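Undergrad: The structure is given below, and queries will be raised subsequently.
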Amino acid sequence: MKWEGNRESDNVEDHRGEGDGGGGGGGFGFGGRSIGIGTIVIALVGSYIFGVSPLTLLNLLSGGGGGQVSTQQSQSPARQPPESDEMARFVRTVLADTEDTWGALFKAEGGTYVRPKLSLFSGSIPTACGTGQSASGPFYCPGDQKVYLDLDFFKLMQQRFKVSGEFAEAYVIAHEVGHHVQNLMGLSEKVDQARRTQSERQANAMSVRLELQADCFAGVWAYHANQDRKILEQGDVEAALKAATAIGDDALQRQAQGHVVPDSFTHGTSEQRVRWFSKGIESGQISQCNTFEARQL
């Protein structure tokens, strides 16, 4: 992925070293309950270590059956990552690229894109959605409009699932920014309200549609970023598709327990995640990402 020399965002905060190593805290995410892209990965790893069902760990990591957004959280004053930190520079550059892409797309539709903050952290961090944990992977909180990222997640991708490459990492960031786009469009709130009146099975199905749309939005970003700034190199798209495949619900459950439980899916199958990311990166059109009205996911 070609990124060096491109604009870097000023909206990255560095809270690394301030966490307590991952202890305590509850669920977080849109409406107080959303699963970050890494939660199911960590649940799988934890199931091997502790001998607990990954579905049980998923429920614990996502805060159980729901919850209200916490407004009592506070963070220490934000600081910028050091210029010498190349990984942080990469994150700042990817975030800037999403800002430029979504800013242009919103403007073309007569809207204004509100840029999210991205907080780098380690261990745990207070958020407007409760205490965020590294163990839950990257996530987005609509209460403070921030993406939260522990860079160790990228090491886990490489070590556990043999997924590497900067564009695969950029896909993870773009997916979480996709949740911010959903929040600005009012979709996250609508989904959260609907889920509160649904059964667990129905709520999970809504989560799948929300996550697949975020994958598609990540693809839309990649399409326009490459059109405008020629960021893609040979093998980049394949790396992102490999990442999407590795974190499909079916692939992870099959590895953890030898079988899949479709009603428990919250992110979508490997095939679905690949398909919706591909729709976005091939078309570059937001209209192609309407997972909520799609008859077939």
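The values are calculated or read from the model by the stated rules, or taken from the named source; none is laboratory data. From a predicted model like this one, the values you see are computed outputs, not experimental measurements. Positions of Cβ are backbone-derived with ideal geometry, glycine not excepted, and every protein chain shown enters the neighbour counts. The protein model used for the area step is the full one, side chains on, heavy atoms only, and it has no ligands, DNA or RNA in it. Shrake-Rupley method; radii C 1.70, N 1.55, O 1.52, S 1.80 Å.
Undergrad: With all protein chains present, how much of the accessible area of the stretch 155-219 (probe radius 1.4 Å) comes from carbon and sulfur, to the nearest whole percent? Can you show the working numbers first?
TA: Details: 1110 of 2510 Å².
Summing carbon and sulfur atoms, their accessible area is 44 percent of the total for the stretch 155-219.
Undergrad: Moving to a separate point now. If you take the C-alpha gyration tensor of the stretch 145-252, multiply each eigenvalue by 5 and take the square root, what semi-axes do you get, largest first, in whole Å?
TA: Those come to 26, 18, 12 Å.
Undergrad: Taking 0.36 nm per residue of sequence separation and subtracting the Cα-Cα distance, how much length would be gained by fully extending the chain between Q145 and E189, in nm to one decimal?
TA: Between Q145 and E189, full extension yields an extra 14.5 nm.
Undergrad: For the ranges 117-123, 218-224, what's the packing order if you count other beta-carbon atoms within 10 Å of each residue, average per peptide, and put the highest first?
TA: 218-224, 117-123
Undergrad: Here is a follow-up. Determine which lysines satisfy two conditions relative to K242: a Cα distance under 16 Å, and not lying fewer than 8 residues away in the same chain.
TA: K155, K162, K279
Undergrad: Sticking with this structure for a sec: Antiparallel as a % of all DSSP beta bridges within the stretch 103-191, to the nearest 5?
TA: 60
Undergrad: Which number do you get for Rg(Cα) / (2.2 N^0.38 Å) in the stretch 94-153?
TA: Numbers: Rg = 13.4 Å, N = 60, 2.2 N^0.38 = 10.4 Å.
Scaled against compact globular proteins, the figure is 1.28.
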